[in-house]
Amino acid sequence: MSIDFKNDLNPAQYEAVMHTDGPVLVIAGAGSGKTRTIVYRLAHLVQSGVRPDQILLLTFTRKASLEMLNRAESILGRSLQGTSGGTFHSFAYKILRVNAHALGFDKGFTLMDRPDSENVVKEVKETLELGKGDRSYPKKSTLTDMITKSRNKELSVEQVLEQEAFHLTGYSDDLRAIATGYKQFKHQHALLDYDDLLFSFERVLLENPDILLNLRGRYRYIMVDEYQDTNRVQARLVKLIAGETGNVMAVGDDAQSIYAFRGANVANILDYPKIFEGTKIIRLEQNYRSTQPILDLTNTILDGAAQKFEKKLFTVKNDGPRPRLVQPLSDQSQANQVVDLILDLHRSRGYAYHEIAVLFRAGYHSYPLEVALGRVGIEYQKYGGLRFHEAAHIKDVLCYMRLIRNPTDKLAFLRVLEPIKGVGPKTAERIYRAKATGDEKYLKSITRKKPDLQQLLADLDVLRASATTPMNALEQVIAIYTPFLMLKYPDDYPKRQAGLEQLAQITTTYTDIDSFLADLTLNGNEEEEKTRDNKLVLSTVHSSKGLEWNAVIIIDLVEDRFPSRKALTKPDDFEEERRLLYVACTRARRELALFVPASIYNRYNGSTENTVPSPFVRELPAHLTEIWQESYAGGLRKKEGAPAARQSEADQDAPSFKSSKDPKKLGYCRHKIFGKGKIIAEIGSDKYRVNFPGFGLKVIVADYLELL
DNA sequence: GGAGAGGGCGTTTTT
DNA sequence: CGCCCTCTCC
């Protein structure tokens, strides 16, 4: 079969596909056929004689790489078996797993997920006797956050506190001690967290030339997608594996960088030509996804950015409806109106459910909508938010699996013992130590008093001796675990049992337990493929990256939610929120609706609070959207002409937002009541938006502030 | 050292 | 409301 590259691609795409030798940087605007370019390049490489196993494709999710490989296979009409594709983390895992000795873990290692890390941090904190009885002491999740941030950004904990959480700077000595203890604990117990995968991988490559040369020899062509969201160590890894003359294609879009919180560094894109000498830079600017009215809006969002992007996407799809701006009276009515809109799109305009997506800033924002969808019986599939494998019962079961592979996995062991009555943390710890040192005497004495403990330990031994395939192992585990499940969740154990069945389904595709466990912790939700068919999509904006739909609905576009209040600790964060909205809007092909509820119900104090429209919405000129308002009598009314911000009473409390010209200069201030705060932005000529720890974001008149 | 009651507190984003 | 942490009593 021959592929008509020239005809299927535009000139810029064609150039990127044909440029196979030497480094290329493809700056690909949203919807500009980035995936298509990668897919055709894969096909072209193989067609011109490159063996599939000489290609390495690093993407942001496993799903993305599978999709690209599949598409390349279908246009090629042959298999790409052997091509290495996946995330940096999963690739690192694959290599480290067969080279565990180089890490000093001769008996292998265990991958930690986020809750594992938090638990270790907590344990370290307790052993160091830090924060005892201090209610305001940073919580384990905060501590873990800071530790992982310091690693991802490659900064000291002091620097991270300074930048991300200045109100915690007083804890920097503690945090340093905890970080050190955390590291030691991992080393002692052969544990690797997400960050270790990357850093250990780098270390192994630097210390073992044989391993490095082997990789370099094998991977002659490397492609890295979403390059704007790589962090520094990932960039170094690419360089390392590619070697001096590497054939690397990096694809990215600086305007879509949304992972700075995790250490992603846009500078990687800018520095790429410096790192790889002779880099060919190619820009893809024609948008094939969206209609012009949608692009007008997304271009405007970028226009407001403090740092300008040289980007004006264009399309030939001039027709299409203007994006809607809908203003419900509350988040409750927002949920109902979204449902109405979905029904309308589906029934009257013929969009299949899986061609419609609802996007939001944080996982819990969709809860009211999920209830409303349930009421009318629309099925949906949710991306982002809680992870399947982190649900308590799933995690319980996975810990048994971990013990099969590594009986000394302390975290797993302690967790498995948890449901035994009369065995708390201390006793569990002693049992663990007794097992490790072979202290039969203690084991005998403790098990004599507790028959169910004895039973469980015996079950574990049998399990370890007899487990074969992942499926077989899981069946045995479920048999052991089910009594505990029923005990622990008397109300909803049937539902959780169904979850275990789902897990059992997943095991069928694996032949070894290690890769089953690793895939689960590295790929998050695995079940999606099966349930995907024709369901409405709910997704966080982050998880929507790289995807597209005919109709996109974005909800909760109000201050504190989008932009997220938690995210605004420094001026750069505000810009990232803006790019996040840009990513969200550019997912839409034809229909785009932005929802701005006037009030939101607050579950923990039971009150309904008025909102202020998101600054990004207030910035939009009226002619770009079609405005729909809910009247107090119910129902939506179309509003002609005037911009959204003009009608909003919020206008008085929150004058139109302007990013400061030099946000970096803003610094700190002091307020009589709120104390020290960080200035996020200048608003108008005499007001500031300030983040006060413990009080949140406030807009304060300059006269009341003492600048520091 | 463990279990259970009571109180404070607060929901970002992900590999 | 639900989680997590602390306190109290066994």
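The values are calculated or read from the model by the stated rules, or taken from the named source; none is laboratory data. Predicted model only: the values in this text are computed from it and were never measured. So basically every Cβ, Gly included, is an ideal-geometry build from the backbone, and we count neighbours across all protein chains shown. Just so you know, the surface numbers come from the protein's heavy atoms only, side chains and all, with ligands and any DNA or RNA stripped out. Shrake-Rupley method; radii C 1.70, N 1.55, O 1.52, S 1.80 Å.
Observations on the structure shown:
- Answer residue from segment A:554-577, given it is part of a helix (DSSP H, G or I) and near DNA strand B (Cβ under 10 Å from one of its atoms) and is most open to solvent (accessible area, probe 1.4 Å) among those: A:566
- Considering residues of segment A:158-175 that are part of a helix (DSSP H, G or I) and within 13 Å of DNA strand B (Cβ to nearest atom) only, the residue nearest to residue A:565 (Cα to Cα): A:164
- Cβ-Cβ contacts under 8 Å between residues 6 or more apart (or on different chains), taken from a first residue in segment A:43-71 that is open to solvent by 20 Å² or more (accessible area, probe 1.4 Å) to a second residue that is aromatic (Phe, Trp, Tyr) and not in a helix (DSSP H, G or I), are listed as A:54/A:219; A:54/A:221.
- If you go through segment A:133-157 and pick out every residue that is away from DNA strand B (no atom under 12 Å from the Cβ), in contact with a Lys or Arg (Cβ under 9 Å, 6 or more places away or on another chain) and assigned to a loop (DSSP other than H, G, I, E, B), you end up with 4.
- Scanning segment A:125-138 for residues that are of a type in the set (D, E, K, R) and in contact with an Asp or Glu (Cβ under 9 Å, 6 or more places away or on another chain) turns up A:125, A:132.
- Selected residue [open to solvent by less than 20 Å² (accessible area, probe 1.4 Å), under 22 Å from the mean Cα position of the chain (by Cα) and under 22 Å from residue A:343 (Cα atoms)] from A:551, A:584, A:593: A:584
- Residue pairs meeting the criteria (Cβ under 7 Å; at least 6 apart or on separate chains; first open to solvent by 50 Å² or more (accessible area, probe 1.4 Å), in segment A:112-123; second within 13 Å of DNA strand B (Cβ to nearest atom)): A:122/A:140
- Residue A:534 being open to solvent by 20 Å² or more (accessible area, probe 1.4 Å), under 27 Å from residue A:30 (Cβ atoms) and more than 22 Å from the chain's Cα centre (by Cα): yes
For (1) of a type outside the set (A, V, I, L, M, F, W, C); (2) within 16 Å of DNA strand C (Cβ to nearest atom); (3) crowded, with 17+ Cβ neighbours inside 10 Å, each residue gets a yes or a no:
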residue: A:149; (1), (2), (3): yes, no, yes
residue: A:159; (1), (2), (3): yes, no, no
residue: A:165; (1), (2), (3): no, no, yes
residue: A:189; (1), (2), (3): yes, no, yes
residue: A:203; (1), (2), (3): yes, no, no
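- Scan of segment A:65-106 for residues that are over 21 Å from residue A:199 (Cβ atoms) and touching a Ser or Thr at 6+ places or on another chain (Cβ under 8 Å), ordered by number: A:65, A:67, A:68, A:69, A:71, A:73, A:85
- When segment A:113-132 is limited to residues that are under 14 Å from residue A:193 (Cβ atoms) and of a type in the set (S, T, N, Q), the one that is farthest from DNA strand B (Cβ to nearest atom) turns out to be A:119.
- Flag for residue A:282 being open to solvent by less than 10 Å² (accessible area, probe 1.4 Å), in contact (Cβ under 8 Å) with a residue 60 or more places away in the chain and under 27 Å from residue A:365 (Cβ atoms): no
- Here is the figure for segment A:399-431: residues that are part of a helix (DSSP H, G or I) and crowded, with 17+ Cβ neighbours inside 10 Å total 17.
- Residue match in segment A:378-387 (condition: assigned to a helix (DSSP H, G or I) and on the phi < 0 side of the Ramachandran plot): no
To keep it simple, each residue is scored yes or no on (1) assigned to a loop (DSSP other than H, G, I, E, B); (2) farther than 16 Å from residue A:403 by Cβ; (3) modelled with pLDDT under 85.
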| site | (1), (2), (3) |
| --- | --- |
| A:472 | no, no, no |
| A:477 | no, no, no |
| A:487 | no, yes, yes |
| A:496 | no, yes, yes |
| A:499 | no, yes, yes |
| A:509 | yes, yes, no |
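- So residue A:254, is it away from DNA strand B (no atom under 16 Å from the Cβ), within 30 Å of residue A:322 (Cα to Cα), surrounded by fewer than 21 Cβ atoms within 10 Å (Cβ to Cβ) and under 22 Å from the mean Cα position of the chain (by Cα): yes
- When we screen A:324, A:387, A:375 for residues that are over 30 Å from residue A:499 (Cα atoms) and either open to solvent by 20 Å² or more (accessible area, probe 1.4 Å) or within 16 Å of DNA strand B (Cβ to nearest atom) (or both), the only hit is A:324.
- Scanning segment A:383-411 for residues that are of a type outside the set (A, V, I, L, M) and closer than 15 Å to residue A:464 by Cβ gives A:399, A:400, A:402, A:405, A:406, A:407, A:408, A:409.
- Residue match in segment A:101-113 (condition: under 24 Å from the mean Cα position of the chain (by Cα), of a type outside the set (Val, Ile, Thr) and within 16 Å of DNA strand C (Cβ to nearest atom)): yes
- Pairing each residue of segment A:466-488 that is free of Cβ contacts under 8 Å to residues at least 24 places away in the same chain with any residue that is in a helix (DSSP H, G or I), provided the two are 6+ apart or on different chains, yields C-beta distances under 6 Å for A:476/A:463; A:486/A:493.
- Residue ID - least open to solvent (accessible area, probe 1.4 Å), chosen from residues in segment A:128-147 that are within 10 Å of DNA strand C (Cβ to nearest atom) and on the phi > 0 side of the Ramachandran plot: A:131
- Screening segment A:570-622 for residues that are of a type in the set (Ser, Thr, Tyr) and within 16 Å of DNA strand C (Cβ to nearest atom) and picking the one that is farthest from residue A:323 (Cα to Cα) gives A:604.
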